[in-house]
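Working notes, structure below.
The values are calculated or read from the model by the stated rules, or taken from the named source; none is laboratory data. Just so you know, these numbers come straight off a predicted model, no measurement behind them. Note that we place each Cβ from the backbone using ideal geometry, even for glycine, and neighbour counts take in every protein chain shown.
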């Protein structure tokens, strides 16, 4: 996080801690079980695409930083050898620069045609949700901040609960957790409504 993002995050958590009731965090229409399950799947897809890369994939994409700090990492010789061989193979095949890194990724993590098609569909869903989320919330909205934290950073509810308690130690674990759950419920409900409106707008009867 940048200093500004940290300030926004802390201010958002402080607002959440001060919330006496759910409606204080924003008006929303509760979802049915089916609606909630559907929007969770879409938001989870978006979160995976935004922040769901594995450590190996991330390090390969940032290979320069990895090479500079290799001694400080927990990479073992087998892992290093696999990446080196993949990069050498890519270069021997005529790939250079970013294209070589892309080819090495394909060698290390090959996918079938079906998986490529499915992945393309996932990316389309993620782009769609990204637009909806950005158009629905202000960047300093505490509901947005918690939703982003939960779905894109892989932080659990318990992790965010502890962050709330650091800023508001007078809240019990249950009280802080309840406020985090309020935010996630409102986040999903608002995104669901925005997605529904966008889909209906793009596909009028």
Problem - Test result for residue 129, modelled with pLDDT under 85, in a helix (DSSP H, G or I) and crowded, with 21+ Cβ neighbours inside 10 Å - result: yes
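Assigned by TED's automatic domain parsing to the domain that holds residue 11, in contact with a helix residue (DSSP H, G or I) (Cβ under 8 Å, 6 or more places away or on another chain) and either surrounded by 20 or more Cβ atoms within 10 Å (Cβ to Cβ) or assigned to a helix (DSSP H, G or I) (or both): is that true of residue 179 in this structure?
Yes.
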Exercise for the section: Would you mind finding the one in 155, 140 that is in the same structural domain as residue 7 (by TED's automatic domain parsing), under 21 Å from residue 7 (Cβ atoms) and within 15 Å of the chain's Cα centre (by Cα)? Expected result: 155
Problem - Pair list, Cβ < 9 Å and 6+ apart or interchain, from the stretch 2-24 residues that are not assigned by TED's automatic domain parsing to the domain that holds residue 137 and part of a loop (DSSP other than H, G, I, E, B) to residues that are at pLDDT below 90 and surrounded by fewer than 14 Cβ atoms within 10 Å (Cβ to Cβ) - result: none
